[in-house]
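Let me begin by presenting the structure, written as structure tokens, before commenting on it.
Nothing in this text is a laboratory measurement; each read-out follows from the coordinates by a stated rule. Nothing here was measured: the structure is a model prediction, and the numbers come from that model. Here the Cβ is made from the backbone with ideal geometry for all residues, glycine too, and neighbour counts use every protein chain on show.
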């Protein structure tokens, strides 16, 4: 049993590198998807209800509720509304920023200080995302007759958001790891 625990203990750095790779993949993939209309429309409830982000959109919440498409659905009138709302332009900017975070974190082998900063940005982004649990009504199961609604019953949107707790922790670990490497390099 001791050998198993010794082996598990030896995997700490491997785990950190896997966490870093996971963050990079998520940032690049999700950031890239922000260029597509379905993903841009999918974040509207979060942005529109956020007191720190809603100024990016032309229309106030809950106006968006009349203009939401299901993923894969094509409704030209809704697309026109989202264009006027600045939905697509904001999403493209956000996606570019998210991709930049992923690239910064990926620079760990070359520039650990830059990677540490990227991980710090991922930490901040995770905090913002987690704030949507407070600001976005769609993160909780709505009261539609069932007794299981509201807190603590996470909707699909809420389950998506709560996973950022993992991103929050992983970004702290990768930030500390990159900062430690930077400090060691500077000592030499």
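Compared with the dominant principal axis of the Cα atoms in the chain, helix 87-106 is inclined by about 10°.
Panel order for 70, 20, by other beta carbons found within 10 Å of each beta carbon, from fewest to most: 70, 20. Its relative contact order, with pairs defined as Cα atoms under 8 Å and 6+ residues apart, puts the range 99-140 at 28 percent. Using a simple spin-label model with pseudo-atoms 7 Å out from Cα toward Cβ, residue 130 and residue 29 lie 2.2 nm apart. Projecting label points 7 angstrom from Cα along Cα→Cβ for residue 89 and residue 151 puts them 3.7 nm apart.
Averaged over every viewing direction, what's the projected area of the C-alpha convex hull for the chain? Give it in nm², one decimal, please. Mind showing how you got there, number by number?
Numbers: hull surface 58.4 nm².
It is 14.6 nm².
Fully extending the segment from residue 36 to residue 163 would add 43.5 nm, taking 0.36 nm per residue of separation and subtracting the current Cα-Cα distance.
For the chain, the longest principal axis of the Cα atoms and the long axis of helix 164-187 meet at an angle of about 40 degrees. For the options 11, 127, 168, a Gaussian network treatment of the chain with springs between C-alpha atoms closer than 10 Å singles out 11 as fluctuating the most. The long axis of helix 112-135 is offset from the longest Cα principal axis of the chain by roughly 30 degrees. Model label points for residue 96 and residue 2, set 7 angstrom from Cα along the Cα-to-Cβ axis, are 5.9 nm apart.
Of the two radii for the range 29-91, the radius of gyration is 0.93 times the Kirkwood radius, both from the alpha carbons; that is the Rg over Rh value. Look at the alpha carbon pairs under 8 Å that are at least 6 residues apart: their mean separation over the length of the chain gives a relative contact order of 24 percent.
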